[in-house]
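A.B. asks: If you scroll down you'll find the structure; I have some questions about it.
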Amino acid sequence: MSQKPKPHRDTIFVEDAEILSHEAFEGAQYILRVRAPKCAAKAEAGSFAHIQCDPLLPMRRPLSIMRVSREAGWVEFLYKAVGEGTRLLARRAVGETLSVMGPIGKPFAFHPERTRPLLIGGGVGIPPMVFVADTLRRQQGWKPFVIMGSEVPFPFKPRPSQIMVPGMPDGVIAAMPLLEDWGIPSRLTSLQGYAGCHEGYVTDLARLWLATLSADERAEVEILSCGPHPMLEAVANLAAEFGLPCQVSLEEFMACAVGGCAGCVVEVQTSEGPAMKRVCVDGPVFQAADVF
């Protein structure tokens with residue numbers, strides 16, 4: 001008797017990944033690049049990997065993927081050292097190997113009628129938005145705008161944007177250099193008074209931009225977002241305010257990360273009523289209106 005194939009077979013790989021670079025930034029933030037060609041080949045914007053931070057720590061940690069090079073076979077992560085696992089990971093050096101399991105999760109979906117995606121990332125929710133922007137820049141016809149917020153110094157040196165964006169208050173010119181080099185407009189927000197950043201929340205700046213659009217232009221917008229739960233709830237409310245579709249990538253603690261332990265379930269509204277869904281494999285990307 002034939003068996004039904006498992007849904008994630010041949011899509012999630014475990015690799016001994018060599019650390020190619022490991023940069024430290026203010027606020028205990030790190031950008032880690034590893035050689036993991038199988039993960040790089042299959043990763044999509046919104047995917048994450050489950051990483052063994054230290055050989056003596058059996059429990060892995062989920063990290064969102066920020067960039068990949070399918071040609072060179074590397075995968076890049078941005079993370080913040082906040083607990084035992086990520087603090088141990090921060091000590092790992094170039095040339096060492098890490099066990100990387102990935103790519104995992106349902107990615108963001110791109111809809112061709114929504115050619116003006118608004119990407120909103122907060123803190124360690126920034127990496128998936130960079131991956132989305134990197135994906136869209138390789139295709140024709142997309143006009144993304146990226147808003148990023150952080151209450152610690154950004155893990156890059158902001159620079160004044162050369163790309164005009166309607167609705168921006170005077171002096172709000174700080175941008176992510178990588179996105180600027182790609183020709184993708186971005187703006188930064190913070191409550192810490194950083195030069196060139198909007199003094200407020202990501203949703204405040206997003207509202208100003210959305211208010212400048214005509215009805216036809218707004219009909220081309222979909223919001224894609226990742227960040228802390230309160231931020232995502234505010235983003236979901238903003239999308240509802242403007243009648244826009246919105247996808248959110250949830251951040252949850254998880255153990256196995258492949259759907260076996262059900263330790264990362266959230267309540268999601270479905271056509272058949274409320275249901276408990278696993279963030280690791282049913283997500284991490286969900287429709288905002290189904291979660292909030």
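The values are calculated or read from the model by the stated rules, or taken from the named source; none is laboratory data. Not measured: the values here are computed from a predicted model. Methodologically, a virtual Cβ is constructed for each residue, glycine included, from the backbone with ideal geometry; neighbour enumeration extends over all protein chains shown.
A.B. asks: Name the residue, out of Ile163, Ile173, Ile126, that is of a type outside the set (S, T, N, Q) and in contact (Cβ under 8 Å) with a residue 24 or more places away in the chain.
C.D. replies: Residue meeting the stated conditions: Ile126.
A.B. asks: Would you please name the residue that is farthest from Val281 (Cα to Cα), looking only at residues in region 4-25 that are surrounded by fewer than 18 Cβ atoms within 10 Å (Cβ to Cβ) and modelled with pLDDT under 95?
C.D. replies: Lys4
A.B. asks: Considering only residues that are in contact with a Lys or Arg (Cβ under 8 Å, 6 or more places away or on another chain) and in a helix (DSSP H, G or I), which ones fall in region 172-188?
C.D. replies: Listed by number, the residues that qualify are Pro177, Glu180.
A.B. asks: With the checklist (1) of a type outside the set (Ser, Thr, Tyr); (2) out of contact with any strand residue (DSSP E or B) (no Cβ under 7 Å at 6 or more places or on another chain); (3) assigned to a loop (DSSP other than H, G, I, E, B); (4) within 30 Å of Gly141 (Cβ to Cβ) in hand, flag the one item Ala41 doesn't pass.
C.D. replies: (3) is the only condition that Ala41 fails.
A.B. asks: Give the number of residues within region 258-273 that are among the aliphatic types (A, V, I, L, M), outside any strand (DSSP E or B) and modelled with pLDDT of 80 or more.
C.D. replies: Residues meeting the conditions: 1.
A.B. asks: Next question, about the same structure. Checking the conditions here, which among Leu205, Leu244, Leu238, Leu210 is modelled with pLDDT of 95 or more and either closer than 30 Å to His50 by Cα or part of a loop (DSSP other than H, G, I, E, B) (or both)?
C.D. replies: So the residue among Leu205, Leu244, Leu238, Leu210 that is modelled with pLDDT of 95 or more and either closer than 30 Å to His50 by Cα or part of a loop (DSSP other than H, G, I, E, B) (or both) is Leu244.
A.B. asks: May I ask you to verify whether Arg137 is over 21 Å from Ser69 (Cβ atoms), modelled with pLDDT of 95 or more and not hydrophobic (A, V, I, L, M, F, W, C)?
C.D. replies: no
A.B. asks: Only one of these is among the aliphatic types (A, V, I, L, M), closer than 30 Å to Ala239 by Cβ and outside the structural domain of Val221 (by TED's automatic domain parsing): Leu63, Leu89, Leu136, Leu98. Name it.
C.D. replies: The conditions single out Leu63.
A.B. asks: How do the pairs read when you match residues in region 21-49 that are under 9 Å from Val75 (Cβ atoms) with residues anywhere that are at pLDDT 95 or above and of a type in the set (D, E, K, R), using Cβ under 6 Å and keeping only pairs 6 or more apart or on different chains?
C.D. replies: Pairs found: Arg33/Glu76; Arg35/Glu18; Ala36/Glu15; Ala40/Arg70.
A.B. asks: Given the residues Cys280, Cys246, which is the only one that is crowded, with 20+ Cβ neighbours inside 10 Å, assigned by TED's automatic domain parsing to the domain that holds Gly149 and either under 17 Å from the mean Cα position of the chain (by Cα) or of a type outside the set (D, E, K, R) (or both)?
C.D. replies: After applying the criteria, what remains is Cys246.
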